[in-house]
Amino acid sequence: MSTETVSQASDTAGDRRRWIVLALIVTAQFMVVLDIAIVNVALPSIKTDLHFSQVSLQWVITAYSILFGGVLMLGGRLADLLGRRRLFVIGLGIFTASSLLDGLAWSEGSLIAFRTLQGLGAALLSPAALSILTTTFEEGRERNLALGIWGAVSGSGGAAGVLLGGALTSGLGWSWIFFINVPVGIAVIASTPFLLRESRADLHHRHFDFAGAASITSGLMLLVYAMTRAAQHGWATTESIVLLAASAALIGVFFAIEARSPAPLLPLRIFKLRTLSGSNLGGLALGGAVFAEFFLLTLYMQQVLHYSALHTGVAYISLTLTIIIFSVVAQALVNRVGVRWVLPTGLVISSLALVLFAQLPVHGHYFSDLFPAFLLSGLGLALSFVPMSIGGLAGVRPADAGVASGLINTTQQVGGAIGVAIATTIATTLTAHFVSAHTGSSATAGAALTHGFQGAFYVLAGIAAAGALFSALLLEQRPSEQTFTLSEEALPELEAAT
């Protein structure tokens, strides 16, 4: 056998192996995204079985979100420093074990504690998985295709979560929304040593920015908690104001620390990449719009149209399939015209879909009212998630792959917390005003709820439109390669050369 034949066979095996690696990490990411939405449909059953109060029930969602949103940035940098495969396995192990414990929970306190642990596992797993993708595929057409698949999973996971959550809750009980993660997690962990190679940032030091990690993790966790609390208890209360101010101060301290740190958790130089900055800004707006969209639509279908959990889940099939189909189109468009044109277009279409959702009537019908908006929303999300994932990693050097992955995940999660808090506040306020204005009339509870949802959808449409505008201003026509400046990371190479 000639040397050329051996080389071709090796290249073919390497290509095949890369796509198997992608399938592995995308499966893990799908579990994470799925779990964000899958719990919503099961909340009524959880409340009944574990005797939750209405106030504490929200913590089934919030406990997960606080750890997930707060630790993502730290998880990304730990993957760079300690090893991406190692953090992937650790995060997936925590996520899988806590999923089992969630299903076995015997009280509201135990479930909240286990959900907190699950959020921690997801925060370590998700950026490690995305950074493995980044370092496995070279920047360009091949990575864009891989990120197109990643974006399809991220965009459709929320809708699929509602569908699967409805089916499992109706058929087997709410515990199975957690148990389903266990065999999948075990299979992925067992496959990892054979498929994934270890990789870490090529740095001459292994210093860790403890001050930066402490300030950003506590700041983001406090921000998610403050937004959730403000939506429930009011934005003008002393506690809400103090919590929001404290979170802003901690995040401000983090950026001050990073500007001076010799080994920053988040190297501020990456924000010189305009496409990365614009994609993260778009991710912030998209997270705010889409998380709140799924939340409000689920409430509308269950509380106004009186759909069952299973019926609600099935209703999302059109949205899920549209995202999957058009994600392939999205990555092809990015290859042809660039992120600058595709991402703002996707956000504009998402904004138009939200305007359609704002027209939903009290006695709505699926095919005449929901179905067209679902199709438009699926198209917008596909044309947003895929270029956002590509742009958020464009020009990033391998040493910063983990932290860039953590950053793009963080902006979406923080945006989601903000969006849900704003939408909940607006919907609740408008509903209360509607009830007050129609006291003694024949107006129904469904009419009051729909009025609140409509106002919230209009605001979400504005958020998506603003994201389209600002990302269009920041994004470059073709992402430029990162310019390397002389830093302490370059000193060993300079000394060797001289």
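Bear in mind that the values in this text are calculations on the coordinates, not laboratory data. Computed from a predicted model, the values in this text were never measured in an experiment. As a convention, Cβ positions derive from the backbone with ideal geometry for all residues, glycine included, and neighbour counts pool all protein chains shown.
Cβ-to-Cβ counts within 10 Å put H363, H433 in ascending order as H363, H433, the fewest first. With the cut-off at under 17 Å, measuring from each backbone N in region 79-94 to a point 7 Å along the Cα-to-Cβ line of S261 picks out 79-83. Taking the Cα of S53, stepping 7 Å toward and past its beta carbon, and measuring to each backbone N in region 105-122: which are under 17 Å? In region 105-122, the label zone of S53 (backbone N under 17 Å from the point 7 Å along Cα→Cβ) covers 107-113. Got a sec? Charge dipole of the chain, +1 on Cβ for Lys and Arg, -1 for Asp and Glu; which of S318, V71, S191 is way out at the positive end? Farthest towards the positive pole: S318. Relative to the 2.2 N^0.38 Å rule of thumb, region 271-414 has a C-alpha radius of gyration ratio of 1.13.
The value obtained for region 227-328, namely the Cα convex hull volume divided by the number of residues, is 161 Å³ per residue.
Computed over the alpha-carbon pairs of the chain, the distance histogram in 20 Å steps reads 23, 58, 17, 2, 0 percent, short to long. Summarising the label geometry, the points placed 7 Å from Cα in the beta-carbon direction at A466 and I20 lie 4.8 nm from one another. Rounded to the nearest 0.05, what FRET efficiency is calculated for W235 and I189 with R0 set to 56 Å and r the Cβ-Cβ distance? E between W235 and I189, to the nearest 0.05, is 0.85. Compared with the dominant principal axis of the Cα atoms in the chain, helix 3-50 is inclined by about 30°. Taken over region 125-180, the percentage of Cα pairs per 5 Å bin, counting from 0 up to the bin with the maximum distance, is 4, 17, 18, 16, 13, 12, 10, 6, 3. Take every Cα pair under 8 Å whose residues are at least 6 apart in sequence, average their separation, divide by the length of the chain, and the relative contact order is 23 percent.
Across region 262-420, C-alpha contacts under 8 Å between residues 6 or more apart give a mean separation that, scaled by the residue count, equals a relative contact order of 45 percent. Where the centre of each part is set by its Cα atoms, how far does region 353-404 sit from region 271-297, in angstrom? If you average the Cα positions of each part, the centres end up 10 Å apart.
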